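Q: One structure is given below, represented as structure tokens, and several questions about it will come after.
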Amino acid sequence: MALILDGREVARKIRQELKKEIGGYLQRGMRNPALAVVLVGDDPASKVYVENKRKACKEVGINSMVFNLPENTSQQEITDLIGKFNGDPEIDGILVQLPLPSHINTQEIIETISPEKDVDGFHPENMGKLATGKSDGVIPCTPLGIWIMLKHYKIQTFKKDVVVVGASNIVGKPMALLFLKNEEAPVSVCHINTKDLKSYTTRADILIVAVGKPKLITAEMVKEGAVVVDVGINRLEDGRLVGDVDFETLKDKVSAITPVPGGVGPMTVATLLLNTVNAYRKKHGFPPHPLTQV
Ligand code: GUN
């Protein structure tokens, strides 16, 4: 049976640490870190994610304000709101929950957020810093959460063959860039137009899957002893939550695997907290949290 990479447990430890840190700031008479969250429309999954983020902020002492705008909100209304947050010295971080409704130009919204307040790390300036190996940018939450979890479990990454399935701006691309940093490991990125997915996945020492397709990865597609990280969160018709990986058939073949739920999801939220506290630290002239120094 594989080692189960327990994201809930690692995330809990990070929250505990941040709660203590923020408590220290308050004792010194400083204000709480603050995060503005923008949610447009009524997507049920997005609502759950935003609620999880709000709860986690509350637990550690980050003041979060959730702005739930109607589905028909215009591009201008969203950019105006972000402009207000950009200019507010009491707000450290801004998060716009994705996906946005189809009439909205998502990239333009992302580029409106001030890079110092971009706690998602999606702004081209932060993405560019990650791509060029600079260490003072913000790293997107899910890839950073996966990285921290691998390090927590002392999983070796140096020189390992890494395969990332899914090439999104949110997960796949920044994940690949993290492994490329300092020539840590060679990475293959697969996506919808990859002709022979299995020929890649069977080579992987570390396989990261972020596609959104239940049971995309089956036992014959992985190498014995591989480390498998499942980013997918899919709701089946019977209401069950499953990942992109067929956990039951893989768990006896691989050396370590993340469960769904309870693997990557809680880590994404924990790294959002880290990125928000980092924005606050930077504003106050403090160095970034060591866990985010990749
Ligand atoms: N939607 C899915 N994942 C994310 C994320 O990490 N950040 C934001 N803003 N939206 C998302």
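The values are calculated or read from the model by the stated rules, or taken from the named source; none is laboratory data. Since we're looking at a predicted model, the values are computed, not measured. No Cβ is skipped: glycine too gets one built from the backbone with ideal geometry, and neighbour counts run over all protein chains shown. Keep in mind that these areas ignore ligands, DNA and RNA; they rest on the heavy atoms of the full protein, side chains included. Shrake-Rupley method; radii C 1.70, N 1.55, O 1.52, S 1.80 Å.
Q: Sum -39500 (n - 2.57) across every DSSP H segment of at least 4 residues in the chain, then divide by the residue count to get the 222 nm mean residue ellipticity, nearest 500.
A: Per the formula, -12000 deg cm²/dmol.
Q: Also: In terms of modelled amide H atoms, which long-range or inter-chain residues lie less than 5 Å from the amide H of residue 65?
A: Here the answer is 35, 36, 37, since their amide H atoms fall under 5 Å of that of residue 65.
Q: Now for a separate question. Using the Cα centre of the range 1-66 as origin and beta-carbon charges of +1 (Lys, Arg) and -1 (Asp, Glu), tell me which of 63, 32, 46 is placed farthest towards the positive end of the dipole.
A: Ranked along the dipole, the leading option is 32.
Q: Something else about it: For the chain, modelled as a Gaussian network with Cα springs under 10 Å, which listed residue fluctuates most, 35, 144, 18?
A: Maximum fluctuation in the GNM of the chain, among the listed residues, is at 18.
Q: Within the set of other residues whose C-beta is less than 12 Å from the C-beta of residue 47, count the net charge using Lys and Arg as +1 and Asp and Glu as -1.
A: -1
Q: Please get the size of the charge dipole for the range 68-158, origin at its Cα centre, with Cβ charges of +1 on Lys and Arg and -1 on Asp and Glu, quoted in debye to the nearest 20.
A: Value, rounded to 20: 620 debye.
Q: Another question, then. Given the chain, what percent of its DSSP beta bridges are antiparallel, to the nearest 5?
A: In the chain, DSSP labels about 5 percent of beta bridges as antiparallel.
Q: Quote the relative contact order of the range 172-294 in percent (integer), defining contacts as alpha-carbon pairs under 8 Å separated by 6+ residues.
A: Relative CO of the range 172-294 lands at 18 percent.
Q: Further, regarding this structure: Give me the percent of accessible area attributable to carbon and sulfur for the chain, probe 1.4 angstrom.
A: The computed percentage sits at 53.
Q: Looking only at 65, 149, 267, which one moves most when the chain is put into a Gaussian network model with springs between Cα atoms under 10 Å?
A: Of 65, 149, 267, the most mobile in the Gaussian network model is 65.
Q: Related question: Given H placed 1.01 Å from N in the peptide plane, which residues other than close sequence neighbours of residue 153 have an amide H under 5 Å from its amide H?
A: Placed amide hydrogens put nothing under 5 Å from residue 153.
Q: Continuing with the same structure: Could you work out which residue, out of 239, 93, 262, moves most in a Gaussian network model of the chain, that is, has the largest mean-square fluctuation with Cα springs under 10 Å?
A: Largest GNM mean-square fluctuation: 239.
Q: Considering the dipole of the chain built from charges on the beta carbon (Lys and Arg +1, Asp and Glu -1) around the Cα centre, which of 7, 75, 229 is farthest to its positive end?
A: After comparing all options, I get 7.
Q: Still on this structure, I have one more. Could you sort the peptides 4-17, 108-121 by per-residue average Cβ neighbour count (10 Å cutoff), highest mean leading?
A: Final packing ranking: 108-121, 4-17.
Q: In addition: Collect residues whose amide H, placed 1.01 Å from N in the peptide plane, falls under 5 Å from the amide H of residue 165; neighbours closer than 5 in sequence don't count.
A: So residue 165 has HN proximity to 190, 208, 209, 210.
Q: Name the residue from 89, 135, 99 whose Cα lies farthest towards the positive end of the charge dipole of the chain, charges +1 on Cβ of Lys and Arg and -1 on Cβ of Asp and Glu.
A: Ranked along the dipole, the leading option is 135.
Q: In whole Å, how far is the Cα centre of the range 120-155 from that of the range 200-235?
A: Comparing the Cα centres of the range 120-155 and the range 200-235, I get a distance of 21 Å.
Q: Rounded to the nearest 20 debye, what is the charge dipole size of the chain about its Cα centre when +1 sits on each Lys and Arg Cβ and -1 on each Asp and Glu Cβ?
A: 940 debye
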